[in-house]
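Comments concern the structure below.
Where a number appears in this text, it was derived from the coordinates with a stated rule and is not lab data. A quick note: this is a predicted structure, and the numbers were derived from the prediction, not measured. Note: ideal-geometry Cβ built from the backbone for every residue, glycine included; neighbour counts use all protein chains shown.
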Amino acid sequence: MTYEVDVAVVGAGQAGLSAGYQLRRDGLDFVMFDHAPRPGGAWQFRWPTLTLGKAHRIADLPGMPLGTPDPARPASEVVSEYFERYEREFGLDVRRPVDVSSVRNLPDGRLLLSTSEGEYAARHLINASGTWEKPFWPRYAGMEAFRGRHLHTHDYRGPGEFAGKRVVVVGGGASGVQALLEIAEVAAETRWVTRRPPEWVEGPFDEERGRAAVARVDERVRRGLPPGSVVSVTGLVLTDEVRAARASGVLRRLPMFERVTPSGVEWADGSSFDADVILWATGFRASLAHLAPLRLRGPGGGIVMDGTRVAGDPRIHLLGYGPSASTIGANRAGRSAARAVRRALREAGRTAANPVGERPEPPARPDRTEISPAA
């Protein structure tokens, strides 16, 4: 059987929870799916040595602040506990672990979600599947012949396994820098390579800088271009730890090598470095394979967006794509998408009659109406 629902939310990271909060407040009929085994979004998978004090600022979810947890605790634990409290407090009945394998069009104008829990027909989709499931591996000549170990930050679990090793860290984002600073303390030798020179930013990453970064990414996706990396618009913050690492030579950036050799990497000028491990801190791409049947991508390789809404399909909102791909714009994007869906449902004559307040009692799981696949 296929279950009928007004709104389906895919993903329960920060953006998905923000959307769920607003949908619950508006009293709308929705269901939330999450691929992860427990609350916490992508944060639950971060390496244990990434403490809260070392992590980028974790934004408060709407309606319930994070508070002031111990900065020495692993960020993965703190955020997972916070998200779990949030889901419980606001009655967000997230179904997990549930895989959404595809989203297709139904003849009556609704969307058919095929999931590991069954099929759901939804009038609107808020997709907040994030990027964690899709680490990006660039291709360089000779990679297959490397006798050492290739590792992506997706699978990095701390510096211990790099003791006494010669390590190349590839990538100019915050994760690459954080991992390099840890690894350099135990490794025999390290090299840091990036495609472009890093842009170091003085002072905290405040709200004004956040808005400017969001605007730059938004301009790209409105033109149907791929969003690009977050660091390309935010830069890297100069902390005291970073300044010390630059002074010691740990954060001495080298240009990208030309090829990978069996024993390491080699640059265009003939210089080389023998390595045991190449850590690819090369980021992630939007996890949107389940949306492929809808053919949303344009000739430029991206999806043309109008805010959170797919420009060519007003039923679909993408969170974690483009401007909302980081915590900078996730809350705003979740709220915006939920409100847009509410307006669309109102115009279709399906406005909820029971909007709820700021802190509702967790409701029982709502019943779903069963319909036949052909309905």
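Using the Cβ-Cβ distance between E347 and R246 with R0 set to 41 Å, the FRET efficiency from 1/(1 + (r/R0)^6) comes to roughly 0.15. Extension gain for the segment R73 to F45, taken as residue separation times 0.36 nm less the Cα-Cα distance, is 8.6 nm to one decimal. Which residues does a label at L254 reach in the range 151-175, if reach means a backbone N under 14 Å from a point 7 Å past the Cα toward the Cβ? Within reach of a label on L254: 166-171.
Stretched out straight at 0.36 nm per residue, the stretch from E189 to D60 would grow longer than its current Cα-Cα span by 42.6 nm. Within the range 231-287, the proportion of C-alpha pairs whose separation exceeds 19 Å stands at 50%. Is the range 25-76 best put as rounded, prolate or oblate by its Cα gyration tensor, with a ≥ b ≥ c the root eigenvalues, rounded for a/c under 1.5, and otherwise prolate when a/b is larger than b/c, oblate when not? Here the range 25-76 falls in the oblate category. Counting charges near G270 (Lys, Arg +1; Asp, Glu -1) among other residues having Cβ under 12 Å from its Cβ returns a value of -2. Sorted fewest first by neighbouring Cβ atoms within 10 angstrom, I126, I303 come out as I303, I126. Note on S263 and E4: the extension gain reaches 87.6 nm, defined as 0.36 nm multiplied by sequence separation minus the Cα-Cα distance.
Each of H152, H124, H317 was scored by other Cβ atoms within 10 Å of its Cβ. Arranged with the fewest first, they read H152, H124, H317. First check a/c for the range 104-200, with a ≥ b ≥ c the square roots of the eigenvalues of its C-alpha gyration tensor; if it is under 1.5, answer rounded, and if not, answer prolate when a/b is larger than b/c or oblate otherwise. Cα axes put the range 104-200 in the prolate bin.
Projecting label points 7 angstrom from Cα along Cα→Cβ for E81 and S116 puts them 2.7 nm apart. What the Cα atoms of the range 1-128 give is an Rg and a Dmax of 15.9, 54 Å.
Under 5 Å from the amide H of D306 lie the amide H atoms of A311, each residue being 5 or more positions distant or on a separate chain, with H modelled from the backbone and absent for Pro and chain starts.
With contacts taken as Cα pairs under 8 Å at a separation of at least 6 residues, the range 1-157 carries a relative contact order of 32 percent. With neighbours defined as other Cβ atoms within 10 Å of a residue's Cβ, the residues I183, I316 order from fewest to most as I316, I183.
Model label points for W200 and R149, set 7 angstrom from Cα along the Cα-to-Cβ axis, are 3.1 nm apart. Collect residues whose amide H, placed 1.01 Å from N in the peptide plane, falls under 5 Å from the amide H of T51; neighbours closer than 5 in sequence don't count. Here A75 satisfy the definition.
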